[in-house]
Ligand SMILES: *Cc1c(COP(=O)(O)O)cnc(C)c1O
């Protein structure tokens, strides 16, 4: 103990190692220094020998200057809130990288004059949704609802069905959000049933709009009724439909999930949605609808406070115009192809660790379509591998069920299978310890 303390190298001497000098240029000196300090602590307590300090520090360096590390999503939940919802497509990632430096987000390079911010992304959005005369983008779905409410009913009221007063997650509730921008909510109907007459009686001279909220994270069954957008559109005030998921067109596997194009065709004046759920793009909030309404939204003071950055605009446009993003690809997979992949993986691992391929039931997740089961397949491994897999690079997150670790393949790209197998091999070999 005293011996290792006496022979512990000095911080500056370790930091002079060329590999650590290069790392400081890549991820910044404070991170490198913290890693070295931690390693020297291990040296003082005798867990690392003085000669190994530099090597151990190099091995322990974080790969990026950000704590957000890549994860292979083997949970079987396609849009996983805790894993950042939708993963971006390759095209969207390339667009983000290109926009990361100086970029002409508000400049027309042909004329040299100022131009509408994000005009190509907005055009792509309007083009993708038949029936949308105009489009606007804000920071997330909640911002889209708040901006719509503030623009159409600030100082007045909005009418909403009691059964649609939903909590969207983390304790945040749509009704409180709407009221926070100075709109009084008039609840109509009961928890399970509401009729067009209920709405008609509640609408008065102060009503700015009727709000229709899609129950995207729960389902109500039994003696229920709600009023479809097509009927609400016969009322004397505009209908704002919060469809949540961001599905632009109907999807054959998600028959109960409303799409922006159908909802507009049914007569909604405005549709609000998230960009990072079923659309599969970056976090943002979409507002689609009548040109007169969208024009007013854009000029509301809150629009500036909810403005999206150039990286979001770049990723959104590439999601809309480029090849299908990972969420869309995941929704298109069949159990047969997923079983074949699971069997191949299990066969490749079984000499090392008990591994088998099993049919699995996956879910859309935070993106919507509650109750929809996506037929999938998984590789089953011993549960003890869950922690070392999460600690690996890339981290692999599966789900523990029935005492086994399920690595569900629905949200894993086929090109990632070899990386998944390699991660399992490393996890099997990882020494048990505080990091695992
Ligand atoms: C997800 C969701 C929201 C909130 O969207 P965020 O992008 O998370 O802000 C609002 N309404 C509905 C119906 C939703 O499903």
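Inclusion of residue 264 among residues that are more than 14 Å from residue 372 (Cβ to Cβ), away from the ligand (no atom under 16 Å from the Cβ), in contact (Cβ under 8 Å) with a residue 40 or more places away in the chain and not in a loop (DSSP other than H, G, I, E, B) is warranted.
Go through segment 345-376 and report how many residues are away from the ligand (no atom under 16 Å from the Cβ) and in contact (Cβ under 8 Å) with a residue 24 or more places away in the chain.
So the count comes out to 17.
Which residues, taken from segment 267-292, are more than 21 Å from residue 313 (Cα to Cα) and buried (at least 19 other Cβ atoms within 10 Å of the Cβ)? Passing the criteria: 268, 269. Figure legend. Inter-residue proximity from segment 275-286: first residues closer than 7 Å to residue 246 by Cβ, second residues more than 11 Å from the ligand (Cβ to nearest atom) and not in a loop (DSSP other than H, G, I, E, B), beta-carbon distance below 6 Å, spacing 6+ or different chains. Indicated pairs: 275/316.
I'd like to verify a number: residues in segment 267-284 that are under 28 Å from residue 94 (Cβ atoms), part of a loop (DSSP other than H, G, I, E, B) and either in contact with a strand residue (DSSP E or B) (Cβ under 8 Å, 6 or more places away or on another chain) or more than 15 Å from the ligand (Cβ to nearest atom) (or both), how many? Matching residues across segment 267-284 total 7.
Within segment 71-175, which helices (runs of 4 or more DSSP H) (wholly inside it) include 3 or more residues that are more than 24 Å from the chain's Cα centre (by Cα)?
Values: elements: 90-99, 119-128, 141-153.
Once the helices (runs of 4 or more DSSP H) in segment 71-175 are filtered for at least 3 residues that are more than 24 Å from the chain's Cα centre (by Cα), what remains is 141-153.
Each row is one residue, and each column tells you yes or no for (1) within 20 Å of residue 79 (Cβ to Cβ); (2) within 16 Å of the ligand (Cβ to nearest atom); (3) in contact with a strand residue (DSSP E or B) (Cβ under 9 Å, 6 or more places away or on another chain).
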position	(1), (2), (3)
286	yes, yes, yes
293	no, no, yes
296	no, no, no
301	no, no, no
309	no, yes, no
316	yes, yes, yes
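If you go through segment 210-227 and keep only what is free of Cβ contacts under 8 Å to residues at least 12 places away in the same chain and crowded, with 19+ Cβ neighbours inside 10 Å, you end up with nothing. The lone criterion from (1) near the ligand (Cβ under 10 Å from one of its atoms); (2) in contact with a strand residue (DSSP E or B) (Cβ under 8 Å, 6 or more places away or on another chain) left unmet by residue 193 is number (1).
Quick check on my filter: what residues within segment 25-52 are part of a helix (DSSP H, G or I) and over 39 Å from the mean Cα position of the chain (by Cα)? Across segment 25-52, the qualifying residues are 43, 44, 50, 51, 52. For a quick check of your reading: which strands (runs of 3 or more DSSP E) sit entirely within segment 355-436 and have at least 3 residues that are touching a strand residue (DSSP E or B) at 6+ places or on another chain (Cβ under 8 Å)? The qualifying strands (runs of 3 or more DSSP E) are 356-365, 373-382, 395-397, 404-408. Residue 240 satisfies every condition listed in (1) surrounded by fewer than 24 Cβ atoms within 10 Å (Cβ to Cβ); (2) over 21 Å from the mean Cα position of the chain (by Cα); (3) within 13 Å of the ligand (Cβ to nearest atom) except (1). Contact map, segment 117-142: first residue more than 13 Å from residue 272 (Cα to Cα) and modelled with pLDDT of 95 or more, second residue in a loop (DSSP other than H, G, I, E, B) and within 16 Å of the ligand (Cβ to nearest atom), Cβ cut-off under 7 Å, separation 6 or more or different chains; pairs are 128/248. Given the criteria within 12 Å of the ligand (Cβ to nearest atom) and under 25 Å from the mean Cα position of the chain (by Cα), does residue 216 qualify? Judged against the criteria, residue 216 is a match.
The residue list 129, 159, 96, 166 contains one member that is away from the ligand (no atom under 16 Å from the Cβ) and surrounded by fewer than 20 Cβ atoms within 10 Å (Cβ to Cβ), which is 96. Could we say that residue 259 is more than 16 Å from the ligand (Cβ to nearest atom) and either on the phi > 0 side of the Ramachandran plot or surrounded by fewer than 22 Cβ atoms within 10 Å (Cβ to Cβ) (or both) here? So residue 259 fails the test. The condition of being modelled with pLDDT of 95 or more, buried (at least 16 other Cβ atoms within 10 Å of the Cβ) and closer than 30 Å to residue 216 by Cβ holds for only one of 385, 380, 407, that being 407.
So, in segment 99-126, how many residues would count as being touching a strand residue (DSSP E or B) at 6+ places or on another chain (Cβ under 8 Å), surrounded by fewer than 15 Cβ atoms within 10 Å (Cβ to Cβ) and under 21 Å from residue 286 (Cβ atoms)? Residues that pass the stated criteria total 1. Before we move on, is residue 318 part of a helix (DSSP H, G or I) and under 18 Å from the mean Cα position of the chain (by Cα)? It is true that residue 318 is part of a helix (DSSP H, G or I) and under 18 Å from the mean Cα position of the chain (by Cα).
When segment 138-153 is limited to residues that are surrounded by fewer than 23 Cβ atoms within 10 Å (Cβ to Cβ) and farther than 9 Å from residue 284 by Cβ, the one that is nearest to the ligand (Cβ to nearest atom) turns out to be 142. Residues that are surrounded by fewer than 24 Cβ atoms within 10 Å (Cβ to Cβ), in contact (Cβ under 8 Å) with a residue 60 or more places away in the chain and closer than 30 Å to residue 206 by Cβ are absent from segment 318-335.
The values are calculated or read from the model by the stated rules, or taken from the named source; none is laboratory data. Keep in mind it's a predicted model, so treat the numbers as computed, not measured. We place every Cβ from the backbone using ideal geometry, glycine too, and count neighbours over all the protein chains shown.
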